[in-house]
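Derivation of every value follows stated rules applied to the coordinates shown; laboratory data play no part. Note that the coordinates shown come from a computational prediction; the quantities given were computed from them, not determined experimentally. Cβ sites come from the backbone with ideal geometry, for glycine too, and all protein chains shown count toward neighbours.
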Amino acid sequence: MNYSFIPNDDPYFPTPIEVVQHKLDLLELKNGETVFDLGCGDARQLIMACAMADVNCIGYEILPEAIRDAKIKIEEAKLSDRIKIRTEDIYQADISNADVLILYFSRSVLGALSLKLEKELPVGARIATHQFDIPGWKEETKKEIMQKNGALETIYLYRKI
Ligand SMILES: C[S@@+](CC[C@H](N)C(=O)[O-])C[C@H]1O[C@@H](n2cnc3c(N)ncnc32)[C@H](O)[C@@H]1O
């Protein structure tokens with residue numbers, strides 16, 4: 001099916017599982033935290049987050065294909081009580097109670113999103129991105145990892161101040 005009419009900001013391109021693992025390691029999730037993935041795709045980052053700590057998660061996604069995949073995978077993982085998918089645009093997301101944001105967007109989308117993060121994200125919230133940094137933000141940690149296929153990947157960890 002062709003979903004090209006959807007006005008989404010970046011394509012449905014899931015983060016490689018090994019990169020998700022490194023992002024989550026850097027985030028040092030704590031029990032009881034609320035984790036968001038804006039543009040969550042098939043929710044793989046949130047499903048892995050639930051395996052690493054007793055967290056609750058919210059994913060925002062507007063692409064029907066990705067929403068369907070996310071719902072199937074969350075159901076399979078028996079995590080429907082801990083991961084909620086909101087079928088809304090990321091710019092409408094209520095992130096006021098986010099402890100952690102896991103993002104995978106291009107630099108231009110991260111730049112547009114950063115205005116919302118500055119206004120609405122609680123102080124102290126952690127954000128992990130990879131491949132692209134958030135323009136104008138200073139990362140707390142930057143880690144380069146070599147993937148099994150030989151590709152070098154950079155992960156950025158930010159803390160809202
Ligand atoms: C690069 S993929 C990342 C998927 C997932 N976060 C991951 O890391 O595996 C970006 C996702 O954001 C979604 N997306 C793009 N623009 C969006 C918007 N304005 N609102 C909600 N979702 C959006 C796309 O449909 C896609 O699934």
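The table for this structure:
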| item | result |
| --- | --- |
| Fluctuation leader among Tyr60, Tyr12, Tyr104 - the chain, Gaussian network, Cα springs under 10 angstrom | Tyr12 |
| Estimated 222 nm signal from helices in the chain, with DSSP H stretches of n ≥ 4 weighted -39500 (n - 2.57), rounded to 500 | -9000 deg cm²/dmol |
| Among beta bridges that DSSP assigns inside the chain, antiparallel share in %, nearest 5 | 45 percent |
| Dipole magnitude of the chain about its Cα centre (Cβ charges: Lys, Arg +1; Asp, Glu -1), debye to nearest 20 | 200 debye |
| Hz values of 3J(HN,Hα) by residue in the stretch 86-97 - Karplus curve (6.51, -1.76, 1.60), Gly and Pro given as x | 9, 8, 9, 5, 4, 6, 9, 5, 8, 9, 5, 10 |
| Over the chain, relative contact order from alpha-carbon pairs under 8 Å, at least 6 apart, % | 21 percent |
| Translational diffusion coefficient (Stokes-Einstein; Kirkwood radius from C-alpha pairs) of the chain at 25 °C, 0.890 mPa s, in µm²/s | 156 µm²/s |
| Residue of Arg82, Arg44, Arg126 that the Gaussian network model of the chain assigns the largest fluctuation, springs spanning Cα pairs under 10 Å | Arg82 |
